[in-house]
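Take a look at the structure set out below.
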Amino acid sequence: MARFIARRVVQLILVLLSVTFIAFGALNFLGDPLVNIVGPLAAIDYCDEVEAGLREDSYTSINNSRGDCEIIGEAKADFGLDKPVIQRYFTWLGNIITGDLGTSFQTQLPVSEIIAQKLPKSLMLMVMAQIIALAVAIPIGVYSAYRAGRAVDRATSVASFGLLSIPNFALGVIVLQFFALRNQWLPASFDDTSIGTRIHSLILPATVLGLGIAATYQRLLRTDLLTTLQEDFVHMARAKGMTDRHIMTRHALRPSLFSLITVFGVSTGALIGGSLVIEGIFSIPGIGSEIVTAVVRDDFPVVLGSVVVIATGFVVINFFVDLLYTWLDPRVRAS
Amino acid sequence: MPDPQLTVEDLYVRFPTSRGTVEAVNGVNFTLEKGQMLGIVGESGSGKSVTAKTLMNLLPRTAEVDGNIIFEGDDVRAVAKERRKHFWGVKMTMVFQDPMTSLNPVKRCGEQITETLRYHLGDDKATAKKKAIDLLEQVGVPEPSKRVDQYPHELSGGLRQRVVIAMALACEPSLLIADEPTTAVDVTVQKRLLDLLDGLRRDRGMSMILITHDLGVARGRCDDVAVMYGGRLVERAPTETLFADSRHPYTEALLRTIPRIDQPSHTRLEPIAGRPPELIDPAEECAFAPRCRYAQPDCLGTIPPVGGVRGQHEFACFHPANTDRGRQALDANLAAGQTVTGLQIQANAGVN
């Protein structure tokens, strides 16, 4: 067990190194944060030339007596942007290890504070969505495998494929229209007043997310169950006179959960930061919408901080999924 | 004479498929007396496993079943709903071929035995576990109190099959169906398991149906042996009669495929020519005729009915082996060098 965890920690570190390295590099190639920090001042290329002594800094902004390049130079130094990319990456990495995720270029707030504020909302949405998905998919998956080819199975197949082919945002908009705007049964946007209002206002978005995943889970579970039901031990259980319900839930279900929990792990990771469309539709100030804003504004520290959190979440969740495998199948424990 | 424990009458089982209807079992009749052991022998596709699954109500929903199965006075196919719950697994139970797959890999061995006891007999957890340990001891599992907490993958094939047998015997059934119980284990383990089953059967006065493709397995253990071919029962006789004086050419051919200790060593074993019969829309003829050394024109016209001495030695053949009619047919075919179906045959086949 200790070795298993140690291997996972090494894996986490490798994943984080590669993910942050790629993110860091991509951000620096795609945009210059300075433009967003100091606003539309003099061209940065121009200042580079000034700095190199190729020309005079003769450009001054309207409301400032100092030269633009002077301001830009200060900002560069303030945010550490005057160093080469590689050096900045390792500085950033060093700070991360000490627990410092940096400061937002935009709001000047510590990134850890921003994440602490946004992440719980996204996590709550993710947890609720997964609970709904599992609560819907497992009973329906079991029943449709039990009655494979019959009316209920066919109806759920159609429903699943329907749900799978509707994009999230379309379903989200429809649900929002019908349940929140036209009928006002449930709130249309996030309400941060108390834990109760938070859960209440997340029911709609979590259902939209959950149903989409439930459709995938139901398909996977049904297929795996149909394979398991061909196994001799299922015939044996029937020969022992056990009830269908007992056979489905106590014999067939557990060995049929592998695909489902694999996808569960992956989708949980994706949901931590990936539900940005739904967060947008239902006005949830979560980490998904935060990342979008930060990317648009070249707010490197926020983007990178979120990437670190999401990647960690991904690896940690899949670590628990691996633990689940060993619970599901004792043969995995042995090897 | 009391009614037999099990009577199977005119059993037909068909499976509709996209290629046509598979006629898996075609009018099988047999009876089993209490405490007896009946061997059902046949190759793959002969309908022996389907017959067993029909008895156990294990056929897929698509199967079309016709005929009567009377077990201890009950029509098995119409057991009342309430009694159904505690019928299979309690009165009649089954052991499958492969011990590696017939135990649930994710459940402890003990739990797989106790779940039947708890459901059918209403035993509490502790009683059921104690009984499970006793059962494992009876079937010769060493260290049974340790084994109940182990998972199937921690046991060898032979041990697993013993656990399966213990599972099947948990509720003290009066009929045990064993479908090739030793095919998947080592030869050395095979004999021990068969002896164990035979001993348990005698101790408990339990009847047993032993399904096998190996005549040698049936010999010395079964009271009667029934031979199936193409979904039909082609011969049935007390075991020693069947071995000494078989009537159906298929039985005779099967006997030639097993080595015998009374023949000189290096006697060539004779394979049966041709392939097993097509079960989709079979022709109205003896299913064995295309492979039969005795085949005559009348074999192709109609399906031979079951004849012989009812309850003693029954067989379904127009030209039975070891009879004058059979010898004439064989001589005629040998003289022609082929049978009516075009099967090439030659004299002294099987003798070096």
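The values are calculated or read from the model by the stated rules, or taken from the named source; none is laboratory data. From a predicted model like this one, the values you see are computed outputs, not experimental measurements. Here the Cβ is made from the backbone with ideal geometry for all residues, glycine too, and neighbour counts use every protein chain on show.
May I ask you to list the residues in the range B:38-68 that are surrounded by fewer than 23 Cβ atoms within 10 Å (Cβ to Cβ), more than 14 Å from chain A (Cβ to nearest Cβ) and within 16 Å of the chain's Cα centre (by Cα)?
Once the filter is applied, which keeps residues that are surrounded by fewer than 23 Cβ atoms within 10 Å (Cβ to Cβ), more than 14 Å from chain A (Cβ to nearest Cβ) and within 16 Å of the chain's Cα centre (by Cα), the range B:38-68 yields B:Glu43, B:Ser44, B:Gly45.
So, restricting to helices (runs of 4 or more DSSP H) that lie completely within the range A:210-301, which ones have at least 3 residues that are more than 14 Å from every other protein chain (Cβ to nearest Cβ) and closer than 20 Å to A:Gly313 by Cα?
On the way: elements: A:232-239, A:258-274, A:276-281, A:287-296.
Counting at least 3 such residues, we get A:258-274, A:276-281, A:287-296.
Would you call B:Leu196 modelled with pLDDT of 90 or more, more than 14 Å from chain A (Cβ to nearest Cβ) and not in a loop (DSSP other than H, G, I, E, B)?
Working: modelled with pLDDT of 90 or more: yes; more than 14 Å from chain A (Cβ to nearest Cβ): yes; not in a loop (DSSP other than H, G, I, E, B): yes.
The answer is yes for B:Leu196.
Does the range B:104-132 hold any residues that are surrounded by fewer than 16 Cβ atoms within 10 Å (Cβ to Cβ) and aliphatic (A, V, I, L, M), and which are they?
If the condition is that a residue be surrounded by fewer than 16 Cβ atoms within 10 Å (Cβ to Cβ) and aliphatic (A, V, I, L, M), then B:Leu121, B:Ala126 are the ones that fit.
Being facing another protein chain (nearest Cβ under 7 Å) and either charged (D, E, K, R) or closer than 13 Å to B:Arg160 by Cα (or both) is the filter here; which residues of the range B:99-130 pass it? Before the answer, list the steps.
In the first step, residues of the range B:99-130 are kept if they are facing another protein chain (nearest Cβ under 7 Å); the result is B:101-106, B:115-116, B:119-120.
B:Thr101, B:Ser102, B:Leu103, B:Asn104, B:Pro105, B:Glu115 - these are the residues of the range B:99-130 that are facing another protein chain (nearest Cβ under 7 Å) and either charged (D, E, K, R) or closer than 13 Å to B:Arg160 by Cα (or both).
With the structure loaded, tell me whether B:Glu154 is free of Cβ contacts under 8 Å to residues at least 60 places away in the same chain, surrounded by fewer than 20 Cβ atoms within 10 Å (Cβ to Cβ) and over 19 Å from A:Lys240 (Cα atoms) or whether it fails that test.
Numbers: free of Cβ contacts under 8 Å to residues at least 60 places away in the same chain: yes; surrounded by fewer than 20 Cβ atoms within 10 Å (Cβ to Cβ): yes; over 19 Å from A:Lys240 (Cα atoms): yes.
For B:Glu154, the condition - free of Cβ contacts under 8 Å to residues at least 60 places away in the same chain, surrounded by fewer than 20 Cβ atoms within 10 Å (Cβ to Cβ) and over 19 Å from A:Lys240 (Cα atoms) - is met.
Which ones in the range A:171-186 are part of a helix (DSSP H, G or I) and either surrounded by 12 or more Cβ atoms within 10 Å (Cβ to Cβ) or not hydrophobic (A, V, I, L, M, F, W, C) (or both)? Quick ask: steps written out before the conclusion?
The first filter runs over the range A:171-186 and keeps only residues part of a helix (DSSP H, G or I), leaving A:171-182.
Once the filter is applied, which keeps residues that are part of a helix (DSSP H, G or I) and either surrounded by 12 or more Cβ atoms within 10 Å (Cβ to Cβ) or not hydrophobic (A, V, I, L, M, F, W, C) (or both), the range A:171-186 yields A:Leu171, A:Gly172, A:Val173, A:Ile174, A:Val175, A:Leu176, A:Gln177, A:Phe178, A:Phe179, A:Ala180, A:Arg182.
Can you go through B:Gly220, B:Gly230, B:Gly205 and tell me which one is among the small types (Gly, Ala, Ser) and closer than 18 Å to B:Met92 by Cβ?
On the way: B:Gly220 fails: closer than 18 Å to B:Met92 by Cβ; B:Gly230 fails: closer than 18 Å to B:Met92 by Cβ.
That would be B:Gly205, the only listed residue that is among the small types (Gly, Ala, Ser) and closer than 18 Å to B:Met92 by Cβ.
Can you name the condition, by its number, that B:Glu180 falls short on among (1) within 19 Å of the chain's Cα centre (by Cα); (2) within 13 Å of chain A (Cβ to nearest Cβ); (3) on the phi < 0 side of the Ramachandran plot?
The one condition B:Glu180 does not meet is (3).
Filter the range A:1-58 for residues that are at pLDDT below 80 and touching a Leu at 6+ places or on another chain (Cβ under 7 Å) and give the result.
A:Pro33, A:Leu34, A:Ile44
Among the residues of the range A:155-162, is there at least one that is crowded, with 17+ Cβ neighbours inside 10 Å and of a type in the set (A, V, I, L, M)?
Checked the range A:155-162: no residue is crowded, with 17+ Cβ neighbours inside 10 Å and of a type in the set (A, V, I, L, M).
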